[in-house]
Amino acid sequence: MAIFISLEGPDGSGKTTALALLIEKMEAAGLDFIKTREPGGSPISEKVRDIVLGIGNEEMDPRTETLLIAGARRQHVVEKIRPALEAGQHVLCDRFVDSSLAYQGAGRGIGIKEVLDINLFAIEDTFPDKTYYLDVPAEIGLARIAANKGREVNRLDKEDVSFHDKVQQGYEEIIAMFPDRFVRVDGTRSPEEITDTILMDILDTIADTE
Ligand code: ADP
Ligand code: TYD
């Protein structure tokens, strides 16, 4: 059976680096999968992404941000994620619902439970089968962001250190809420080791469904 996989982590956790390598390894393993991302992933949802992450929209209210991302997620689930799974393709998603719980729920202070309720309306029962969380100590994540200043900056990247701390603490709460789905991966190891660990777990998870 096709499985739904998401990758999560605070900014600076090495998610972008790991994802690129993981895709190569999944292709080499012969897996039939699509790669997608949030916010975005479908044409309508990508338009919402531009609004949500666009520099210049700083006056956006946190609840507006939450609702827009949840709306984009709904469209992504219906238009892309569910059809792929139904067609037998695995789905690898760069961030999904847990990012809303961590960034809007904890980071913006709306509350994890409140943001989960809104997202249940959007995704219904379409939760990932496995969520890989790249775990790095806060100081390492922040040091990596500081050392990597040349990259594209979005509206959320401009938040301060206390926002990033809240996001990280939020993830800890979310992992405790969904212990069966989350796999904590040590993000201080090399990208090679990180992606080997994730690929092994993906192959085991697929084998378990067969
Ligand atoms: P994210 O997408 O989570 O913000 P990136 O993949 O862009 O993170 O990585 C942020 C910085 O950390 C980059 O400079 C990258 O080269 C470096 N980095 C990524 N993964 C690792 C790793 N496993 N070990 C050490 N440095 C890493
Ligand atoms: P992106 O450039 O994809 O960053 P990253 O490489 O860290 O994934 O930007 C996504 C940003 O959007 C990131 O700062 C997290 C944020 N975000 C939310 O706040 N809520 C969400 O539900 C999602 C999916 C992302």
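Key figures
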item: Residue within segment 82-90 that is in contact (Cβ under 8 Å) with a residue 40 or more places away in the chain, farther than 17 Å from Met200 by Cα and within 9 Å of ligand 2 (Cβ to nearest atom) present; result: no
item: Filter result (charged (D, E, K, R), more than 16 Å from ligand 1 (Cβ to nearest atom) and within 16 Å of the chain's Cα centre (by Cα)) within segment 36-64; result: Glu46
item: Subset of segment 1-35 [over 21 Å from Tyr171 (Cβ atoms), of a type outside the set (A, V, I, L, M) and within 16 Å of ligand 1 (Cβ to nearest atom)]; result: Glu24, Lys25, Lys35
item: Total residues in segment 170-187, condition within 18 Å of Tyr103 (Cβ to Cβ) and either away from ligand 2 (no atom under 15 Å from the Cβ) or modelled with pLDDT under 95 (or both); result: 7
item: When residues of segment 79-115 are limited to those that are closer than 16 Å to Tyr171 by Cβ and among the acidic types (Asp, Glu), the one surrounded by the fewest Cβ atoms within 10 Å (Cβ to Cβ); result: Asp94
item: Any hit, segment 129-144, residues being in contact (Cβ under 8 Å) with a residue 24 or more places away in the chain, in contact with a Ser or Thr (Cβ under 6 Å, 6 or more places away or on another chain), of a type in the set (A, V, I, L, M, F, W, C) and not in a helix (DSSP H, G or I); result: yes
item: Considering residues of segment 1-42 that are in contact with a strand residue (DSSP E or B) (Cβ under 7 Å, 6 or more places away or on another chain) and hydroxyl-bearing (Ser, Thr, Tyr) only, the residue modelled with the lowest pLDDT; result: Ser13
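For every residue, the table says whether it meets (1) of a type in the set (A, V, I, L, M, F, W, C); (2) surrounded by fewer than 18 Cβ atoms within 10 Å (Cβ to Cβ).
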| site | (1), (2) |
| --- | --- |
| Ile3 | yes, no |
| Leu7 | yes, no |
| Pro10 | no, no |
| Ala29 | yes, yes |
| Glu46 | no, yes |
| Asp50 | no, yes |
| Met60 | yes, yes |
| His76 | no, no |
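The values are calculated or read from the model by the stated rules, or taken from the named source; none is laboratory data. Quick caveat, the model's predicted, so the values are computed rather than measured. Here the Cβ is made from the backbone with ideal geometry for all residues, glycine too, and neighbour counts use every protein chain on show.
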